[in-house]
Amino acid sequence: MADAFVVDALRTPGGRRKGSLAGVHPADLGAIILNALVDRTGIDPAAIEDVIVGCVSQAGEQAFALGRNLVLASRLPDSVPAVTIDRQCGSSQQALHFAAQAVMSGTQDVVIAAGVESMTRVPMGSNFRLHAEAGLGTGPWSEAIRNRYDVAEFSQFTGAQMVADKYGLTRADMDAFALDSHRRAAAAIERGAFAGEIVPVDTPAGPVTQDEGVRFDTSIEAIGAVKPLVEGGTITAANASQMTDGASGVLIVSETALKRFDLTPIARVHTLTVTAGDPVIMLEEPIRATAKALTRAGLTLADIDLYEVNEAFAAIPLAWLKATGADPARLNVNGGAIALGHPLGASGTKLTATLIHALRARGGRYGLQAMCEGGGVANVTLFEIL
């Protein structure tokens with residue numbers, strides 16, 4: 001099978017909900033990434049054969065073929081097609097999988113995988129909540145689904161608490177992990193670790209160049225003072241990811257395209273895996289997906305230099321560490337979504353950008369990226385640095 005190469009992986013800064021990126025239309029936010037990938041790699045924009053865009057809340061400004069609207073808002077010619085996909089929080093990681101699979105199969109040679117989410121302009125859940133408020137339909141889960149799993153709804157917050165309880169994770173464990181996420185992210189910003197992956201966003205107030213959610217002066221006391229999401233629970237807003245506006249993208253090409261357009265790859269897509277399991281506990285699935293990915297790759301965790309496991313909630317990477325026995329020092333070394341934000345559909349390729357740039361900076365060879373997703377699904381991707 002042919003190889004799929006990463007030529008560049010970029011992201012915008014993460015903007016706090018109702019923060020510095022709130023005035024940017026999501027199509028324009030995503031277009032910034034498309035333009036930057038073309039500018040930084042020198043690829044002929046007319047050679048791009050598809051743009052695959054992940055987005056979770058496909059409503060309002062993120063409705064009506066958002067992927068295509070990114071192309072129309074960018075400097076790419078309108079001959080470039082695009083599509084929008086939803087695999088919940090793993091949407092743009094799955095976009096990367098689809099792009100890599102197209103290249104590996106020989107179907108296409110130049111594909112962009114991207115993601116965008118404005119959690120300010122299209123709030124989480126608004127794509128079904130507004131219908132409910134208008135009296136339209138009965139919601140995403142049919143009676144057959146509710147009866148099969150004996151639930152009224154599927155909730156990531158319930159799932160996160162279930163994971164915490166199953167793996168014996170205390171409030172103190174999760175709060176300490178959250179503090180470490182902020183400290184790692186702050187240290188990464190101070191040493192310029194994100195400079196190669198961040199594309200500035202121009203706004204009327206000036207360019208946004210830095211992630212807004214990182215709390216440089218937070219403390220365990222401040223994190224510990226936040227009330228649980230439910231009485232008696234241990235999950236809080238402080239030990240969970242931040243609602244964030246952002247976009248990200250990766251240029252994936254074949255060996256033929258490397259030669260034709262004189263491109264220099266920075267990584268190779270080594271292994272692609274997606275699994276699914278219990279939709280009620282929901283967020284535990286990266287553990288099983290990791291085991292399957294490593295078996296498929298013929299590698300062990302000891303072979304992996306860095307891991308990015310999305311910090312949807314502190315419970316998820318902590319449970320992953322406990323179940324796999326992985327080295328905590330290799331996990332989310334520049335902080336994660338608790339500090340840097342989780343722009344839903346953009347988080348997949350956002351993590352790819354951070355992982356690949358961190359591996360290159362540290363002289364690592366292999367990186368593993370894992371994402372928990374609504375419905376009990378998980379994507380795991382292995383990259384090899386070139």
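The values are calculated or read from the model by the stated rules, or taken from the named source; none is laboratory data. Everything numeric in this text was worked out from a predicted model, so none of it was measured. Positions of Cβ are backbone-derived with ideal geometry, glycine not excepted, and every protein chain shown enters the neighbour counts. Heads up: the accessible areas ignore ligands, DNA and RNA and are worked out on the full protein's heavy atoms, side chains in. Shrake-Rupley method; radii C 1.70, N 1.55, O 1.52, S 1.80 Å.
Per residue, how much accessible area does the stretch 1-114 have with a 1.4 Å probe, in Å²? Don't skip to the answer; put the middle values down first.
Details: 3970 Å² over 114 residues.
Per-residue accessible area for the stretch 1-114 comes out at 35 Å².
Between rounded, prolate and oblate, where does the stretch 89-222 land on the alpha carbon gyration tensor, with a ≥ b ≥ c its root eigenvalues, rounded for a/c under 1.5, else prolate if a/b exceeds b/c? The shape class here is oblate. Couplings for the stretch 251-268, taken from phi via the Karplus curve 6.51 cos²θ - 1.76 cosθ + 1.60 with θ = phi - 60°, read 9, 10, 9, 8, 4, 4, 5, 4, 6, 4, 10, 6, 9, 10, x, 10, 7, 10 Hz in order; Gly and Pro are left as x. Shown for the chain: the carbon plus sulfur share of the solvent-accessible area, taken with all protein chains present and a 1.4 angstrom probe, equals 52%.
Take each peptide in 51-62, 153-164, 281-292, count the other Cβ atoms within 10 Å of every residue, and average; sorted highest first, the result is 51-62, 281-292, 153-164. Go through 142, 115, 162 and say which Cα lies farthest out towards the positive end of the charge dipole of the chain; charges sit on Cβ, +1 for Lys and Arg, -1 for Asp and Glu. It is 162, whose Cα lies furthest towards the positive end. 3J(HN,Hα) along the stretch 29-34: 5, x, 5, 4, 5, 4 Hz, from the Karplus curve 6.51 cos²θ - 1.76 cosθ + 1.60 with θ = phi - 60°, whole Hz, x for Gly and Pro.
Per-residue Karplus couplings for the stretch 120-129, computed as 6.51 cos²θ - 1.76 cosθ + 1.60 with θ equal to phi - 60°, are listed in order as 7, 7, 10, x, 4, x, 5, 5, 10, 5 Hz, Gly and Pro entered as x. Taking 18 Å as the cut-off, the amide N atoms of the stretch 361-386 that come nearer than this to a point 7 Å along the Cα-to-beta-carbon line of residue 296 belong to 366-374, 376-385. Protein heavy-atom accessible surface, 1.4 Å probe, per residue over the stretch 271-379: 27 Å².
Less than 5 angstrom separates the built amide H of residue 311 from those of 337, 338, all sequence-distant by 5 or more or on a different chain.
So which of 18/227; 259/350; 18/166; 18/292 end up more than 30 Å apart, counting from Cα to Cα? Mind dumping the intermediate values first?
On the way: 18/227 22 Å; 259/350 27 Å; 18/166 35 Å; 18/292 39 Å.
In this structure, 18/166; 18/292 lie more than 30 Å apart at Cα.
For the chain, the share of DSSP beta bridges that are antiparallel, to the nearest 5, is 70%.
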